[in-house]
Amino acid sequence: MEIEQLMPHVEALIFASERPLPQMEMIELLGNVMDAPLESDKVAICLEAVKEKYDTEYYPFELSETGGGYQFLTKKTYHQTVLQLNGDKYIKKLSTSAMETLAIIVYKQPITKSDIEFIRGVSSDYSIQKLLEKELIMIAGRNEQAVGKPLLYATTKNFMDYLGINATGQLPELKEIINTDIVFPTNGAEAIPDSDVERAESGQLFIDSSGELREGERNGDAGDTGKTDGEDTDNTDTDNTDNTEEV
């Protein structure tokens with residue numbers, strides 16, 4: 001079958017599927033209705049052609065590779081419009097504890113419940129149960145080397161589909177999240193504008209004990225200045241007194 005004839009069949013399968021449809025499953029399904037064996041290269045070419053077709057601005061949806069398969073999804077431009085129909089389905093959020101548990105499983109999978117609780121410092125029974133009910137995580141087996149052979153938990157294809165990714169490798173690495181620059185308060189002495197550097201060096205500006213920029217002389221110099229001011233004040237007062245008496 002030619003590519004032009006095969007494309008509508010590929011589109012129909014993806015459109016009718018309620019979940020992301022893997023390429024191998026498409027090959028199997030299409031092979032059941034074709035007279036000759038179907039080559040995987042032809043399906044791959046069809047998928048690229050369908051994706052290119054719906055990437056144009058004439059269509060409100062696009063073909064996305066997500067959750068281990070292919071699915072038609074509404075473009076972001078029309079998100080608010082579609083949200084009015086079934087917003088309750090997508091607005092529901094996980095609790096903080098469930099988010100913490102899920103994040104640990106994502107980056108440490110497969111992982112046991114005891115390891116999750118060791119990292120969180122609290123019991124995670126309820127969070128794990130809720131994540132299992134929402135099919136965001138699954139039981140991936142048992143840790144055969146640990147005492148009691150505890151269950152191992154890992155994320156599901158539904159989790160990847162929920163985030164719109166095709167594999168957990170597309171998630172940001174921990175170093176991209178953790179290694180952030182920490183901003184510390186600027187030292188007052190380092191915050192003097194360049195235009196005031198000369199004034200600061202000459203003693204006209206100084207940093208007081210509270211870390212604020214002051215204009216004048218430092219306390220040591222201010223003490224001498226205070227004495228002089230005091231003497232001037234005394235002289236002024238004396239002059240005023242003498243003048244009063246003369247009057």
Restricting attention to segment 1-102, which trypsin sites (Lys or Arg not before Pro) occupy a DSSP loop and are surrounded by at most 13 other Cβ atoms within 10 Å?
-> 92, 93
Given charges at Cβ of Lys, Arg, Asp, Glu: segment 19-160 dipole, positive-most of 60, 47, 154 | 154
Go through segment 150-166 residue by residue and turn each phi into a ³J(HN,Hα) via Karplus (6.51, -1.76, 1.60, θ = phi - 60°); whole Hz please, and just put x for glycine and proline.
-> x, 5, 10, 10, 8, 7, 10, 5, 4, 5, 5, 5, 4, 8, x, 10, 9
Compute the Cα gyration tensor for segment 12-155, then decide on rounded, prolate or oblate, letting a ≥ b ≥ c be the square roots of its eigenvalues: rounded whenever a/c is under 1.5, prolate when a/b is larger than b/c in the other cases, and oblate in all that remain.
-> oblate
Once amide H atoms are built 1.01 Å from N in the peptide plane, which residues 5 or more positions from residue 140, or in another chain, come under 5 Å H to H?
-> 152, 153, 154
For segment 1-86, listing chymotrypsin sites (Phe, Trp or Tyr not before Pro) in a DSSP loop whose Cβ sees at most 15 other Cβ atoms within 10 Å gives 58
Using θ = phi - 60° and the Karplus curve 6.51 cos²θ - 1.76 cosθ + 1.60, what whole-Hz ³J(HN,Hα) does each residue of segment 59-74 get, with Gly and Pro shown as x?
-> 10, x, 10, 9, 8, 10, 8, 8, x, x, x, 10, 8, 7, 10, 5
Sequence of 120, 19 once ranked by neighbouring C-beta atoms within 10 Å, starting from the fewest | 19, 120
Quick one: compute the contact order of segment 96-178, relative version, from alpha carbon pairs under 8 angstrom and 6+ residues apart, as a percent.
-> 29 percent
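Just so you know, all these numbers are worked out from the coordinates, no wet-lab data involved. Predicted model, so just to flag it, every value in this text is computed and none were measured. Here Cβ is always computed from backbone atoms with ideal geometry, including for glycine, and neighbour counts include all displayed protein chains.
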